[in-house]
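**Student:** Here's a structure for you.
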Amino acid sequence: MDLLTIGAFAKASGLSPKALRLYDELGLLRPARVDPYTGYRYYAVAQLDRARLVAWLRRLGMPLAEIRAVSVLTGADAAREVRAYWARIEAETAVRRDLAAFLVTELTEAPREGTTMLELRCAAHSDRGHVRPANQDTVYAGRRLLAVADGFGPAGAPASGAAVEALRFLDEGDGVQPGNVLNLLADAVRGAGDAVRDVTEGAEDAGTTLTALLWTGSRLALAHIGDSRAYLLREGGLFRITHDHSVVQSLLDEGRLTPAEAESHPQRSLLLKVLGADPDLRLHEALPGDRYLLCSDGLTGVVPDGRIRELLAAAPDPEAAVRSLVDAANTAGGPDNVSCVVGDVVPPVG
C-alpha cells in the first residue's frame, strides 16, 4: 500500500493537517496507519479521492454530519445528495434575501408622502367537499385581514378555528402602519401558535396550516406556514407567492421528483412545518387591479393552476370568484375540504 505522510496527504488533498486530525477524531477520514510509537498519521493514496470530496463539501458549507453520509457515496448517488443539499440552501437563502430586502427598504426609504391609499374588497367561502365527514378548514375575510387555516388530526377544526380567531384583532382599530406590519403579523402568528397548542393539548397529531395577508392600505404583509397557498393575479398572470412546507415540495426542490410524479405521490399531504414553527414573512406592494387568492390544498390538489387562473380572471367580483373555485374543486371530486379567500385591490370609492 502506497502511504503518504499527513503533510504530503494534506497538500495533495487540499485539507490542512489540523482538519485531517479533526476528521480522524470524528471518524470521518481515518488514516490508513498510525505509528504506534510516535502517533504519526499516514494516509493511503487511494484515500485521496474521498479526502478531496470532503474538502470540496466543506468549502460548499455542508455540515460534517452530512459530509459523513455523502463521502461514502460515489458518482450519481453523491451528486444527487449534493444537489439536494444545495436546493435547501437556495430555498433558505431566498427567504433570508426577502427579509434583507425588506429591512434595507425600511431603513433607507424616506417616508412616502401622498401615497394613494387603496381599499381591499374580499370574500371567503369554505366547503366540506364530497368525501370528508367534517370541515376542518377555517377562513376569514375582513377589512384588513385575509386568512385560511387547514386543520388536521382529531382536533383539526378547533385548531384552525383558534388560529384564525387569534388573528382577528388585526382587523380592528384604525389601521396598521406599513413600517411595523411584519413585526405585528409575526407576533400575532406566534400568538396563534400558542392558541392552537392550548386547544390541541392531549390530541395526538393535531394542528393546522396558516396563510394570512394583512392590509395596510398600500401594502400586504404575508405570513405563511404549511401547504395552504397564496396567489396573485396581476395583469392576467397568476403568480404563486408562497412555498409549500411539505415533503413533496422538498423533494421537488431537491430534484428527486418531477411535477408529474408529485401529483400522485403517496406522501403529498405530509407536512414539514405547521403553525407553531417559524412562518415565512414577506411584504408585497399592492397595485390597483391586483387580485389575491388564499386557499387550502383542497383546491390546489385537484384544480390545476391554469384553471385557477381562468376562474379568477373571469369572476366579476370576489364573491363570484370564491364560489366558482370551490365549485371547481367539488366538480373534480371534492376529496378534501376546500376553502378560498379572494381579495381585490381597488381605488377607494369617492
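**Student:** Take the conditions closer than 26 Å to Ala157 by Cα and of a type in the set (Lys, Arg) and apply them to Arg323. Does it pass?
**Tutor:** Against the criterion (closer than 26 Å to Ala157 by Cα and of a type in the set (Lys, Arg)), Arg323 qualifies.
**Student:** Turning to a different aspect of this structure: Give the residues of the stretch 54-63 that are in a helix (DSSP H, G or I) and under 21 Å from Glu90 (Cβ atoms), sorted by residue number.
**Tutor:** Just the residues of the stretch 54-63 that are in a helix (DSSP H, G or I), to begin with: 54-60.
Correct list: Trp56, Leu57, Arg58, Arg59, Leu60.
**Student:** Which residues, taken from the stretch 178-219, are in contact with a strand residue (DSSP E or B) (Cβ under 7 Å, 6 or more places away or on another chain) and of a type in the set (S, T, N, Q)?
**Tutor:** Thr200, Thr208, Thr209, Thr211
**Student:** Looking at the stretch 295-313, I want the residues that are farther than 15 Å from Arg268 by Cβ and in contact (Cβ under 8 Å) with a residue 12 or more places away in the chain and have a partner that is open to solvent by less than 40 Å² (accessible area, probe 1.4 Å) and among the polar types (S, T, N, Q) with Cβ atoms under 8 Å, at least 6 apart or on another chain. Which pairs are those?
**Tutor:** Correct list of pairs: Cys295/Ser228; Cys295/Ser339; Ile308/Thr300; Leu311/Ser324.
**Student:** Another one. Is it true that Asp244 is among the acidic types (Asp, Glu), within 22 Å of Glu81 (Cα to Cα) and open to solvent by less than 20 Å² (accessible area, probe 1.4 Å)?
**Tutor:** yes
**Student:** Further, regarding this structure: Within the stretch 97-116, does at least one residue satisfy the condition of being assigned to a helix (DSSP H, G or I), modelled with pLDDT under 80, among the basic types (Lys, Arg) and under 30 Å from Arg30 (Cβ atoms)?
**Tutor:** No, the stretch 97-116 contains no residue that is assigned to a helix (DSSP H, G or I), modelled with pLDDT under 80, among the basic types (Lys, Arg) and under 30 Å from Arg30 (Cβ atoms).
**Student:** Here are some conditions: (1) within 22 Å of the chain's Cα centre (by Cα); (2) modelled with pLDDT under 95. Pro348 meets all but one. Which one does it not meet?
**Tutor:** Result: Pro348 passes all but (1).
**Student:** Another question, then. Looking only at the stretch 182-240, count every residue that is among the hydrophobic types (A, V, I, L, M, F, W, C), free of Cβ contacts under 8 Å to residues at least 60 places away in the same chain and either open to solvent by less than 10 Å² (accessible area, probe 1.4 Å) or farther than 22 Å from Asp137 by Cα (or both) and tell me the total.
**Tutor:** Qualifying residue count, the stretch 182-240: 5.
**Student:** Right, next: Determine whether Pro36 is surrounded by 15 or more Cβ atoms within 10 Å (Cβ to Cβ) and not in a helix (DSSP H, G or I). Don't jump to the end; show me each part of the working.
**Tutor:** Values: surrounded by 15 or more Cβ atoms within 10 Å (Cβ to Cβ): no; not in a helix (DSSP H, G or I): yes.
The answer is no for Pro36.
Let's see how each residue does on (1) out of contact with any helix residue (DSSP H, G or I) (no Cβ under 6 Å at 6 or more places or on another chain); (2) in a loop (DSSP other than H, G, I, E, B); (3) β-branched (Val, Ile, Thr):
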{"position": "Arg168", "(1), (2), (3)": "yes, no, no"}
{"position": "Ala221", "(1), (2), (3)": "no, no, no"}
{"position": "Asp227", "(1), (2), (3)": "no, yes, no"}
{"position": "Gln249", "(1), (2), (3)": "yes, no, no"}
{"position": "His265", "(1), (2), (3)": "no, yes, no"}
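**Student:** Let me ask something additional. Against the conditions (1) in contact with a Phe, Trp or Tyr (Cβ under 8 Å, 6 or more places away or on another chain); (2) open to solvent by 70 Å² or more (accessible area, probe 1.4 Å), where does Ala65 fall short? Just the number, please.
**Tutor:** (1)
**Student:** Quick test for you: out of Ala262, Ala286, pick the one residue that is touching a Leu at 6+ places or on another chain (Cβ under 7 Å) and either farther than 30 Å from Val346 by Cα or open to solvent by 20 Å² or more (accessible area, probe 1.4 Å) (or both).
**Tutor:** Details: Ala286 fails: either farther than 30 Å from Val346 by Cα or open to solvent by 20 Å² or more (accessible area, probe 1.4 Å) (or both).
Going through Ala262, Ala286 in turn, just one is touching a Leu at 6+ places or on another chain (Cβ under 7 Å) and either farther than 30 Å from Val346 by Cα or open to solvent by 20 Å² or more (accessible area, probe 1.4 Å) (or both): Ala262.
**Student:** All but one of (1) surrounded by 14 or more Cβ atoms within 10 Å (Cβ to Cβ); (2) under 17 Å from Leu73 (Cβ atoms) hold for Pro31; which doesn't?
**Tutor:** It fails just one condition, (2).
**Student:** Sticking with this one: Residue pairs, Cβ under 6 Å, 6 or more apart or interchain, first in the stretch 58-76 and among the charged types (D, E, K, R), second open to solvent by less than 60 Å² (accessible area, probe 1.4 Å). List them.
**Tutor:** Cβ pairs passing all conditions: Arg68/Leu28.
**Student:** Quick check on my filter: what residues within the stretch 293-350 are open to solvent by 10 Å² or more (accessible area, probe 1.4 Å), small (Gly, Ala, Ser) and out of contact with any strand residue (DSSP E or B) (no Cβ under 7 Å at 6 or more places or on another chain)?
**Tutor:** Keep residues of the stretch 293-350 that are open to solvent by 10 Å² or more (accessible area, probe 1.4 Å), which gives 297, 300-302, 304-307, 309-311, 313-320, 323-324, 327-328, 330-333, 335-336, 344, 346-350.
Going one step further and asking which of them are small (Gly, Ala, Ser), we end up with 301, 306, 313-315, 320, 324, 328, 332-333, 350.
Of everything in the stretch 293-350, those that are open to solvent by 10 Å² or more (accessible area, probe 1.4 Å), small (Gly, Ala, Ser) and out of contact with any strand residue (DSSP E or B) (no Cβ under 7 Å at 6 or more places or on another chain) turn out to be Gly301, Gly306, Ala314, Ala315, Ala320, Ser324, Ala328, Ala332, Gly333, Gly350.
**Student:** How many residues are touching a Leu at 6+ places or on another chain (Cβ under 9 Å) and under 17 Å from Leu275 (Cα atoms) if we restrict to the stretch 222-258?
**Tutor:** Qualifying residue count, the stretch 222-258: 14.
**Student:** Related question: Within the stretch 145-168, count every residue that is open to solvent by 10 Å² or more (accessible area, probe 1.4 Å) and either under 19 Å from the mean Cα position of the chain (by Cα) or in contact (Cβ under 8 Å) with a residue 60 or more places away in the chain (or both).
**Tutor:** The qualifying residues number 2.
**Student:** His243 passes all but one of (1) touching a Phe, Trp or Tyr at 6+ places or on another chain (Cβ under 6 Å); (2) over 19 Å from Gly343 (Cβ atoms); (3) not basic (Lys, Arg); which number fails?
**Tutor:** (1)
The values are calculated or read from the model by the stated rules, or taken from the named source; none is laboratory data. Since the model is a prediction, treat every value here as computed from it, not as a measurement. Backbone-built Cβ (ideal geometry, glycine too); neighbour counts: all protein chains shown. Side chains are part of the model used for accessible areas, which takes the heavy atoms of the whole protein and leaves out ligands, DNA and RNA. Shrake-Rupley method; radii C 1.70, N 1.55, O 1.52, S 1.80 Å.
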